[in-house]
Amino acid sequence: MDTGGNSLPSGADGVKRKVCYFYDPEVGNYYYGQGHPMKPHRIRMTHALLAHYGLLQHMQVHKPFPARDRDLCRFHADDYVSFLRSITPETQQDQLRQLKRFNVGEDCPVFDGLYSFCQTYAGGSVGGAVKLNHGLCDIAINWAGGLHHAKKCEASGFCYVNDIVLAILELLKQHERVLYVDIDIHHGDGVEEAFYTTDRVMTVSFHKFGDYFPGTGDIRDIGYGKGKYYSLNVPLDDGIDDESYHYLFKPIMGKVMEIFRPGAVVLQCGADSLSGDRLGCFNLSIKGHAECVKFMRSFNVPLLLLGGGGYTIRNVARCWCYETGVALGMDVDDKMPQHEYYEYFGPDYTLHVAPSNMENKNSRQILEEIQNKLLDYLSKLQHAPSVQFQERPPDTELPEVCKICCHLLRYDGHKGTAEHARGFDTNTDETVSAKILDMSSMSIDEPSVKVEQENMGKASDQMYTKS
């Protein structure tokens, strides 16, 4: 039965959501190398759970159209993209200077199919943004995306291409303001840096801070110039549990939504903040992690859900499966169905795992200080003259359908047959991307009036009632 992607009513808001889900069956075949903690196989494991729990049939399931060179160059430097396209395990010894220049080789190794991997995960995130921009879904999901450390000219922290920045640039074609929220244990440095001087994108990162990669994300880092107070950092210590996390997350994000009023939200759902992660040191349960998704979903604003970190891969798959259910508004049974990766989940074979008894080093006093400091920053934002809440650009019609952007996979249970789907040209407006290529000068504001007047859609203003 074709449900058209509509989810069931759930929670206090009780509004149906139309969900688009992006997945390429090849993504699990990419391999960073022996002993490397990043394992794309976790995406395949997640997909298998979604199939056997019966969640795929409640979503529109798309194979992403690979991002092209020109798509990647909306943010990344041409020579860096050219390097990623040409480097192979066989040729890397001949390009040692380039490897060092672009920070490729150790944390970010060269492996077979590297560029195709980048095109695939970036294509899913940009494709999700395109679907949201054209009102074809309320929530778009790309668990292969969320690689938040990549910079304009270099790889970093297992990330080569910053699909999040590319997706946000796509959303800015349609929305005045876009909110980025990051619940990975690592600071979302690449995304923050890209939008550090603009007031059109707010970035909020909840992360471990203090002698921990990447070392950025101090609470005092708040943005610069027009972007002052539009970057928020929530520094956390080891062992944070569900209650402590949401003591900060809910009031801070509630105030952000009230004051910033984004037209779209991008939520990076890195699962290395879960209890028991191979590289992490937090103590969140899967339900506690997913509560962030549920909370952001409740605002009924177009929402892009992305993956990110997560290195105990059985728990990553558990988490993103459960969070897909949250996006749909569907209950997911704790008892795991039999499937091809069932043996990974023993001995309990359940979706949820109990957090540990590790010490929570985040005292209530410290949490209160963090909350007060961030709410104080946000109170300054209320009076920022550049944020015009009551005046919006005039509504305009959306562009016509003009090209195929992805293949639609319709699933009967977990068996899929592919058919082509109509999509949209992700290059309908090059104004934003052309202006933003030089991130050092950060000229995203120059075309904002023109872009907004031409491209503001009809949906975003209906998300809020004016105070």
Which value, in Å² rounded to 10, gives the accessible area of residue 238 with a 1.4 Å probe and all protein chains present?
40
Whole-Å distance linking the alpha carbon centroid of the range 226-272 with that of the range 106-177 is 20
Peptides 324-334, 310-320, 143-153 ordered by average Cβ neighbours within 10 Å, highest first
143-153, 310-320, 324-334
Under 5 Å from the placed amide H of residue 62, counting only residues 5+ away or on other chains, we find 21, 22, 23, 409
From the cross-link list 63/173; 18/255; 39/131; 152/255; 16/294, the entries with a Cα-Cα span beyond 20 Å are 63/173; 18/255; 39/131; 152/255
Go through the range 330-361 and name the GluC sites (Glu not before Pro) that are in a DSSP coil and have 16 or fewer other Cβ atoms within 10 Å of their Cβ.
340, 359
Protection proxy ranking of 361-373, 126-138, 88-100 - average other beta-carbon atoms within 10 Å, highest first
126-138, 361-373, 88-100
Which order do peptides 203-213, 25-35 fall in by mean Cβ count within 10 Å, highest first?
203-213, 25-35
Report the local net charge at residue 244: Lys and Arg +1, Asp and Glu -1, summed over other residues whose C-beta lies under 15 Å from its C-beta.
-4
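The values are calculated or read from the model by the stated rules, or taken from the named source; none is laboratory data. This structure is a prediction, so every number in the text was calculated from the model and none was measured. Cβ atoms come from the backbone with ideal geometry, glycine included; neighbour counts cover every protein chain shown. Each accessible area value is taken on the protein alone, full model and side chains, heavy atoms only, with ligands, DNA and RNA left out. Shrake-Rupley method; radii C 1.70, N 1.55, O 1.52, S 1.80 Å.
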